[in-house]
Amino acid sequence: MGEDVEKLKQRLSLLDYLRQQNWVARPAAHGSEFVGLCPLHPETRPSFYVNTCKNLFYCHGCGQGGDLIRFVELSRQLSFRQSVAYLEQQSALTADPTTVLEQAATFYQQQLERYPEALRYLEQRGLHDPALIKELRIGYAPGGSLRRHLTAQGYSFDLLQRLGLLNSQGHDAFYRRVIFPCCQSGRVVNLYGRSITAAFAHRFLSGSKGGLYAWEQVQQCPEVILVEGLFDYAVLRQSDFRHVTCSLGTHLNSEQFQQLCDRPRTVYLTFDVDENGSGQQASQQLAQRLCAQGIVTRHVLLPDGHDPNSFFVLGGDARQFHSFLEAAQP
């Protein structure tokens, strides 16, 4: 049983468990410690400390301390064996994934300014407005430090792997990628990593990518420009086009499709003009589906081989793009 107990303690973070029980804490003087009111006895001044590195607690008020199993024994008045059985049942429960993704997104955003190669990549993709970069919360994954940062926040290694933030070797899964948080109702639901080299593929975390990107900002608009890529979205916003949203690919999920159909509107379909015609084919298919729901569609035709991002990178401007919108065909 001893080996199983040790694995259980490694798998379950004491801080994760306490957060699930609505324990409110703040970082203490040492980076690996958190302090808050003791859950084991009434008090008005915080004296309950959690060391995330050691996965232990100690209360200077009541003198109780120990590991997660000991905390469950005291808080639920269970025996050691009963506490182990209870925690085994709870082991499937984790911290709210959106909270972890929020922490990861904030960390990546803080890294961006520290890595010239990431800023150069944004510049090469035509994105140079610091205010917009901050608004979109664009970040960078340099690799090597995300695991240390999040485990210091009390999140377990097992949880980070299950969310896809760490790979099977425990390394940052977004290594050397520019990061776009995908948000819904103000909460991060996924992260998109755009590789800054040809060596790595672009990627989302597993699971739903959510609805249309930045949909809340354009939901009331009678006309919407729909693009497929996040850099397409970013350069249009930078050029002061406000009624833009992004499908994060040419194939919309059911939620994204329903969002476009939630009220009468005109959708300007602005997918890539690929040599193989795949972008325009996807645009035609989507137009047919939208028209069947009473949505007016217009196909925006850019010069051959271009998407909105490449058009602006190679010298296109807002006036020219407006002319493409005016010339858009049903």
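The values are calculated or read from the model by the stated rules, or taken from the named source; none is laboratory data. The structure presented is a predicted model; accordingly, all values stated were derived computationally and were not measured. In this analysis, Cβ positions are derived from the backbone assuming ideal geometry, glycine residues included, and neighbour counts consider all displayed protein chains. Just the protein is used for accessible areas: all its heavy atoms, side chains included, with ligands, DNA and RNA removed. Shrake-Rupley method; radii C 1.70, N 1.55, O 1.52, S 1.80 Å.
Site pair ASP67 and GLN90 shows an inter-label distance of 1.5 nm when each label is modelled 7 Å from Cα along Cα→Cβ. Summarising the amide proton neighbourhood of THR297: residues at separation of 5 or more, or on other chains, whose placed amide H is nearer than 5 Å comprise VAL267. For the pair SER75 and HIS30 in one chain, pulling the backbone fully straight at 0.36 nm per residue adds 13.6 nm over the alpha carbon distance.
For the stretch 36-91, carbon and sulfur atoms together expose 47% of the accessible surface, with a 1.4 angstrom probe and every protein chain in place. For the chain, the equivalent ellipsoid built from the Cα gyration tensor has semi-axes of 47, 21, 17 Å, listed from largest to smallest. Heavy-atom accessible area with a 1.4 Å probe sorts THR52, THR99, THR270, largest first, into THR99, THR52, THR270. Extension gain, SER323 to GLN219, is 35.1 nm, computed as 0.36 nm per intervening residue step minus the present C-alpha separation.
Taking a virtual spin label 7 Å from the Cα of GLN258 along the C-beta vector, which residues in the stretch 191-223 bring their backbone nitrogen under 14 Å of it? Backbone N within reach: 210-212. Couplings 3J(HN,Hα) for the stretch 77-89, derived from phi with the Karplus relation 6.51 cos²θ - 1.76 cosθ + 1.60 (θ = phi - 60°), are 6, 10, 6, 4, 5, 5, 5, 4, 4, 5, 5, 5, 5 Hz, where x marks Gly and Pro. When nucleic acids and ligands are ignored and a 1.4 Å probe is applied, ASP317 ends up with an accessible area of around 60 Å². Scalar couplings 3J(HN,Hα) for the stretch 215-229, obtained by applying the Karplus form with A = 6.51, B = -1.76, C = 1.60 to θ = phi - 60°, are 5, 4, 6, 10, 4, 8, 6, x, 10, 10, 8, 9, 10, 9, x Hz; x denotes Gly and Pro. Annotation: amide H of GLN64 within the under-5 Å range of CYS59, sequence separation 5 or more or interchain, hydrogens built in the peptide plane. Placing a label point 7 Å from the Cα of GLU123 along the Cα-to-Cβ direction, no residue of the stretch 181-209 has its backbone N under 15 Å from that point. The Rg/Rh ratio for the stretch 237-330, using Cα coordinates for both the radius of gyration and the Kirkwood hydrodynamic radius, is 0.95.
Loop-located chymotrypsin sites (Phe, Trp or Tyr not before Pro) in the stretch 182-214 (DSSP state not H, G, I, E or B) with no more than 16 neighbouring Cβ atoms inside 10 Å: PHE200. Each of GLN217, LEU136, TYR155 was scored by the projection of its Cα onto the charge dipole of the stretch 106-229, and the greatest displacement toward the positive side belongs to TYR155; charges sit on the C-beta of Lys, Arg, Asp and Glu. With R₀ set to 56 Å, the beta-carbon distance separating GLN82 from ARG148 gives a calculated FRET efficiency near 0.95.
Placing one equal scatterer on every Cα of the stretch 100-234 and applying the Debye formula, the log10 ratio I(q)/I(0) at q = 0.11, 0.17, 0.18 Å⁻¹ is -0.39, -0.93, -1.03. When the helices of the chain are scored as -39500 (n - 2.57) per DSSP H run of n ≥ 4 and the total is divided over every residue, the value at 222 nm lands at -11000 deg cm²/dmol. Which of rounded, prolate or oblate describes the stretch 191-254 when judged by the alpha-carbon gyration tensor and an a/c cut-off of 1.5? In terms of gyration-tensor shape, oblate. Rolling a 1.4 Å probe across the protein heavy atoms gives the stretch 194-318 an accessible surface of 44 Å² per residue. The fraction of accessible area contributed by carbon and sulfur in the stretch 156-285 is 47 percent, rounded to a whole number (1.4 Å probe; ligands and nucleic acids excluded). Taking amide H positions as modeled 1.01 Å from N, with prolines and chain starts lacking one, the residues under 5 Å from TYR140 and 5 or more places away or on another chain are GLN109, GLN111, LEU112, ILE179.
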